[in-house]
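I have placed the structure first, in the form of structure tokens, so that the comments after it can refer back to it.
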Amino acid sequence: MKTRNLNRLDIITVFPGMFAGPLTESLLGRAQQRGLIDLRLHNLRDFSSDSRHRTIDDRPFGGGAGMVLQAEPIYRALQHIRAERRGKEKPYVVFLSPQGQVLNQSTAQSLSERPWLVFICGHYEGIDERVMRWVDAEISIGDYVLTGGELPAMVLADAMLRLVPGVVKEVESLRNDSFQNNRLDHPHYTRPALWRGKRVPSILLSGDHVQIRSWRSQQARMVTVKKRPDLAAL
């Protein structure tokens with residue numbers, strides 16, 4: 001079966017301005033300019049049923065501190081996004097939350113092969129649980145709590161979108177990434193060959209590409225054992 005690739009990403013957020021820069025510069029910015037990625041931001045407040053104050057949160061039933069994102073604005077945003085591509089297949093919806101599955105390279109790879117994704121950025125104490133029926137995956141970037149889901153959405157988007165064919169020019173660099181095949185990347189060196197008394201390993205200057213590949217593979221194993229023995233044991 002031919003692998004499918006992501007071509008559209010919608011992000012529902014309370015703070016769309018936060019995404020200017022991280023997703024519009026460098027490789028991701030150029031990928032959008034070239035039409036490799038269709039990235040769209042949606043301000044959750046635009047879907048509030050309160051046209052005057054654009055309210056999107058309220059106090060939790062049962063009491064307690066903090067506020068909860070209401071179900072209706074999120075539902076309206078999802079309906080609006082789906083209506084833009086009526087007749088197309090449904091998007092795969094991801095909720096960014098500290099309670100979700102912790103992000104890894106395998107998850108990023110899997111998501112990059114889905115043609116259409118929607119990210120929901122959590123905020124405050126979370127979202128009304130009744131919205132979760134429309135969520136396909138809940139993802140966290142680590143066992144800690146941030147002020148909202150925007151930064152996790154940027155991290156996930158960057159990790160995932162760079163895997164879309166054409167975004168990174170040198171495909172070989174993706175194959176050698178850390179965490180590919182459960183190992184870390186090998187050490188890298190560049191000019192000058194002698195820097196402050198430290199020389200580049202001579203094998204890298206030899207021109208013998210078979211030996212260089214062997215050296216890099218050996219170094220990758222050594223680095224993995226030293227820095228991430230948990231990966232080396234897999």
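The values are calculated or read from the model by the stated rules, or taken from the named source; none is laboratory data. Just so we're clear, the structure is a prediction, and the values are computed from it rather than from any experiment. FYI the Cβ positions are ideal-geometry reconstructions off the backbone, even for glycines, and counts take in every protein chain you see.
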request  = Go through the residues of region 80-101 one by one and say whether even a single one is under 20 Å from the mean Cα position of the chain (by Cα), assigned to a strand (DSSP E or B) and among the β-branched types (Val, Ile, Thr).
outcome  = yes
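So, in region 102-128, exactly how many residues are assigned to a loop (DSSP other than H, G, I, E, B) and within 14 Å of the chain's Cα centre (by Cα)? Break it down into steps so the answer makes sense when it comes.
Filtering region 102-128 for residues assigned to a loop (DSSP other than H, G, I, E, B) gives 103-104, 113-115, 122, 124-126, 128.
Checking the rest, the ones that are also within 14 Å of the chain's Cα centre (by Cα) come to 103-104, 113-114.
Residues flagged as assigned to a loop (DSSP other than H, G, I, E, B) and within 14 Å of the chain's Cα centre (by Cα) within region 102-128 amount to 4.
Does region 172-220 hold any residues that are exposed (fewer than 11 other Cβ atoms within 10 Å of the Cβ), part of a loop (DSSP other than H, G, I, E, B) and at negative phi, and which are they? Spell out how you get there, then give the answer.
At the first step, the residues of region 172-220 found to be exposed (fewer than 11 other Cβ atoms within 10 Å of the Cβ) are 172, 175, 188, 190-192, 194, 196-198, 202, 207, 209-210.
Now restrict to residues that are part of a loop (DSSP other than H, G, I, E, B): 188, 190-192, 196-197, 207.
Answer for region 172-220, where residues must be exposed (fewer than 11 other Cβ atoms within 10 Å of the Cβ), part of a loop (DSSP other than H, G, I, E, B) and at negative phi: 188, 190, 191, 192.
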request  = Give the residue that is farthest from residue 160 (Cα to Cα), with candidates limited to residues of region 33-52 that are of a type outside the set (A, V, I, L, M) and touching a strand residue (DSSP E or B) at 6+ places or on another chain (Cβ under 6 Å).
outcome  = 42
message = With touching a helix residue (DSSP H, G or I) at 6+ places or on another chain (Cβ under 6 Å) and either part of a helix (DSSP H, G or I) or touching a residue at least 60 places away in the same chain (Cβ under 8 Å) (or both) as the only criterion, which of 131, 155, 223 stands out?
response = 131
key: Hits in region 35-54 (condition: farther than 23 Å from residue 157 by Cβ and surrounded by 14 or more Cβ atoms within 10 Å (Cβ to Cβ))   = 48, 54
message = Condition first: surrounded by 16 or more Cβ atoms within 10 Å (Cβ to Cβ) and either in contact with a Cys (Cβ under 8 Å, 6 or more places away or on another chain) or of a type in the set (Val, Ile, Thr) (or both). Now tell me which residues in region 142-171 satisfy that.
response = 148, 149, 150, 152, 153, 155, 164, 167, 168
task = Output the residues belonging to region 69-111 that are exposed (fewer than 15 other Cβ atoms within 10 Å of the Cβ) and of a type in the set (Val, Ile, Thr).
result = 102
message = List pairs: first residue in region 72-96 and not assigned by TED's automatic domain parsing to the domain that holds residue 58, second residue crowded, with 16+ Cβ neighbours inside 10 Å and part of a helix (DSSP H, G or I) anywhere in the structure, Cβ distance under 6 angstrom, at least six positions apart or on different chains.
response = none
